[in-house]
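Everything on this sheet refers to the single structure shown next.
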Amino acid sequence: MSTQDNKLLNVSDLHVAYGKVEALTGIDLTLKEGQLVTVIGPNGAGKTTLLSAIMGVLPSTGTIHFNGQDFFSPEVETLVGHGLGLVSEKRELFSTMSVQDNLLLGAFLRYRRGDTSYDTTLAEIYSLFPRLWERRHQQAGTLSGGERQMLAIGRAMMGKPKLLMLDEPSLGLAPLITREIFRIFADLRRQGVSILLVEQNARAALKVADYAYVLEGGQVAMHGPAADLANDPRIIEAYLGLASKHQELLSS
Amino acid sequence: MNLQIATLLGQDGLTNGAIYALLALSILLVFTVTRILLIPLGEFVTFGALTMAAIQMGKLPQLEWLLLGLTCIDCSLDLYQQARSRFNRRKLQGVALKLGYAATLVILVHTLPLAELPMGAQILLTLALIVPLGPIMYRLFFQPLADAPSLVLLIVSIAVHVSMVGTGLLLFGPEGARTKPFSDSGFHLGSVMLKSQTLWVILVSIFLIVTLFIAFERTLYGKALRATAVNRMGARLLGISPVFAGKVTFALAAFIGSASGILIAPITTLYYDSGFIISLKGFVGAIIGGLVSYPLAAIGSVAVGMVEAFSMFWASGYKEIIVFTLIIPFLIWRSMTSHHVEDDE
């Protein structure tokens, strides 16, 4: 680990192809322990594909170095077992099961390994998302969009992942809820949880992140400390222009 | 028809219905978790009954060789897979454990005085021989096809069924067999004699159904299986692997199937090929539940048992036809009321 310069995740030369179409061509990405790294970019840039490939949902070529081990096109379950968690864009909740059951299943691997401290985590998540506590006996399918997102994040956190990856957590959410969710990411980062955040809401993402990658056409177009990118004229023009005015109106 | 005949038929119907309910539940369970329609379920029933019969007659059940052979194939596949990636201590231990288990059973079957064992030990031995066949069957025939369309899975399922019937003929021979009842006493209910085995079947079935219900509602492992049935990808993202879920459901199905076989063996004579028609009636029950609802499937199965018993009295020649015709009105009703759900994977 020390020789790796506490790199928790290091992706190098990652390629993903859908048939003959290359969705990702040679991505390099690094995330150090405790960092919140964001990946921004337009629709179709390959952001979701990147997370899916790292998670093993999609077959890929290239190396994925995670938590001191190298993986080559690994299985999802293997990576989950090594401490990787993904909140997918589709949420992937168990819609006919209760909110509480959804959360408990997030701790399935911990339970299987004989770790019984997940009750504490459950209490923590309920205090982080009081709404989930109120609805704990309700079926997940009956929740609103924002609540579903909270549930998906909470469920991923139940597994105490070393790295939490989030795919478009603000997609389709009301601005107020988006702000609350980003506040939670900032909180989690302060608690030392490493986060890889894929977002379309570039401004909000750059505000909470330490480091950022800009993905365009399946390649890394730019990367650097989030604060620098937030002031980069090209980024402001391409991603923050209209959005920034919109956000300012909201936050005022 | 007088009351006495009605009670007798009802008793028969309830006994068969309870067994069909158990089978319907395992068909449903396997189908929702793995998308496989488990046609070979009936073979677990006959294997259970015939193994039990062989043990009671003091004959070698021969099934131990099947178990050992399949375990060897399973283990060599495991080793081959590990040789391609990296040898892992825990997985090697797993292989050793599986081989050790099968070898121990072979030795046990060949050394124990089978016929003299108490009934409980005979039942345990039968289950110990058959239940591991479930997960091995999943591993060998279905796991490599986990992402195949449902139709392919169905075809493979039929193939496995046919080869298991053949294996059954090879292992147990063409003769039918019956076993001793669990206990000899009978009960009088008014003027009707209740066979004790009937009570055993009904009580054990209810016990198993309730236990399954509690396991699926209350334990995290049960919830994990339900979660796989609801959303496979969601479950995978939490580390619940479909392979794990598949093996567990197949083990449960093998257990329920062979337990049903052991339960009914004292009441009906079973042949190597009787399993199919029995599990098919469980399947009718499962269809009545729309292949989704457990309580409806259980109620439907009891109804199947009842219809079967009473049609035996009124039109015994048409018994099977009447039972399987039951499925048609339900299919029509289902197709009119249910909407098509897009297949996600």
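The mean number of Cβ atoms from other chains found within 10 Å of a Cβ in peptide A:75-84 is 4, as a whole number. For n ≥ 4 DSSP H runs only, could you compute -39500 (n - 2.57) per run for the protein assembly as shown, divide by its residues and tell me the 222 nm figure to the nearest 500? Helix-only estimate at 222 nm: -18500 deg cm²/dmol.
Going by accessible area, probe 1.4 Å, with all protein chains left in place, what is the ranking of A:Y239, B:Y138, largest first? Let's see the in-between values first.
Working: A:Y239 40, B:Y138 10 Å².
Descending accessible area places them as A:Y239, B:Y138.
Taking amide H atoms as placed 1.01 Å from N in the peptide plane, the amide H of B:L270 lies under 5 Å from those of B:A177, each 5 or more residues away in sequence or on another chain.
When B:F207, B:F250 are compared by accessible area of protein heavy atoms, the largest-first order is B:F207, B:F250, using a 1.4 Å probe. For A:A23, the residues whose modelled amide H falls within less than 5 Å of its own, excluding neighbours fewer than 5 places apart on the same chain, are A:V16, A:A17, A:Y18.
Quick one: dipole size for segment B:69-143, taken about the Cα centre, charges +1 on Lys/Arg Cβ and -1 on Asp/Glu Cβ, in debye to the nearest 20.
Details: 7 positive and 3 negative charges, 112 e Å.
So the magnitude is around 540 debye.
Karplus-based coupling profile of segment B:211-227, in residue order and whole Hz: 4, 4, 4, 4, 4, 7, 8, 10, 8, 5, 5, x, 5, 5, 5, 4, 4, with θ = phi - 60° in 6.51 cos²θ - 1.76 cosθ + 1.60 and x standing for Gly or Pro. Across segment B:165-181, coupling constants 3J(HN,Hα) worked out from phi with the 6.51/-1.76/1.60 Karplus curve, θ = phi - 60°, read 4, x, 4, x, 4, 5, 7, 10, x, x, 6, x, 9, 10, 10, 6, x Hz, and Gly and Pro carry x. Computed with a 1.4 angstrom probe on protein heavy atoms, the A-B interface buries about 2100 square angstrom of accessible area in total.
Per atom type, chain B shows carbon and sulfur on 70% of its accessible surface, probed at 1.4 Å.
Sparse packing (at most 16 other Cβ atoms within 10 Å of the Cβ) combined with a DSSP loop state is found for the following trypsin sites (Lys or Arg not before Pro) in segment A:4-38: A:K20.
Rolled with a 1.4 Å probe across the full set of protein chains, the surface gives A:L58 an accessible area near 40 Å².
Peptide A:91-104 has a mean of 4 when you count, residue by residue, the C-beta atoms of other protein chains within 10 Å of its C-beta. Shielding value for B:215-221 is 2, the average number of Cβ atoms from other chains within 10 Å of each residue's Cβ. Segment A:132-167 and segment B:176-233 have Cα centres spaced 36 Å apart. Across segment B:193-199, coupling constants 3J(HN,Hα) worked out from phi with the 6.51/-1.76/1.60 Karplus curve, θ = phi - 60°, read 8, 9, 6, 5, 4, 4, 4 Hz, and Gly and Pro carry x.
Dipole magnitude for chain B: computed about the Cα centre from +1 point charges on Lys and Arg Cβ and -1 point charges on Asp and Glu Cβ, it is near 900 debye. Could you compute how much accessible surface A:E216 exposes when probed at 1.4 Å, giving the result in Å² to the nearest 10? Counting only protein heavy atoms, A:E216 exposes about 80 Å² to solvent.
Placing unit charges on each Cβ (+1 for Lys and Arg, -1 for Asp and Glu) gives segment A:77-124 a dipole about its Cα centre, and among A:Y118, A:Q100, A:T78 the Cα reaching farthest toward its positive end belongs to A:T78. Pairs of Lys residues in segment B:3-328 that lie 8 or more places apart, or on two chains, and have C-alpha atoms under 30 angstrom apart add up to 16.
In square angstrom, what is the accessible area per residue of the protein assembly as shown with a 1.4 angstrom probe? Kindly include the intermediate steps, with their values, before the conclusion.
Working: 27380 Å² over 597 residues.
Roughly 46 Å² per residue, with all protein chains present.
Compared with its chain on its own, segment B:223-239 contains the following residues whose accessible area drops by 20 Å² or more in the full protein assembly (probe 1.4 Å; ligands, DNA and RNA excluded): B:K223, B:R226, B:A227, B:V230, B:N231, B:M233, B:G234, B:R236, B:L237, B:L238, B:G239. A straight chain from B:H110 to B:T337 at 0.36 nm per residue would run longer than the Cα-Cα distance by 76.1 nm. Along each principal axis, taking the top coordinate minus the bottom one, the Cα set of chain A gives 47, 46, 38 Å in descending order.
Within the assembled protein chains, the solvent-accessible surface assigned to B:K98 is about 60 Å², based on a 1.4 Å probe.
Near the amide H of A:Y213, within less than 5 Å, lie the amide hydrogens of A:T38, A:V39, A:I40, all on another chain or at least 5 residues away, with H placed in the peptide plane. With coordinates expressed along the principal axes, the C-alpha atoms belonging to segment B:3-328 extend over 69, 47, 35 Å, beginning with the largest.
Could you sort B:D184, B:D74 by their accessible area in this structure, using a 1.4 Å probe and putting the largest first?
Values: B:D184 140, B:D74 5 Å².
Per-residue accessible area, sorted high to low, gives B:D184, B:D74.
The alpha-carbon atoms of segment A:93-161 define a convex hull whose volume equals 71 cubic angstrom per residue.
The values are calculated or read from the model by the stated rules, or taken from the named source; none is laboratory data. Everything numeric here is computed off the predicted structure, so don't read it as measured data. Cβ sites come from the backbone with ideal geometry, for glycine too, and all protein chains shown count toward neighbours. Please note that ligands, DNA and RNA were not included when accessible areas were found on the heavy atoms of the full protein model with its side chains. Shrake-Rupley method; radii C 1.70, N 1.55, O 1.52, S 1.80 Å.
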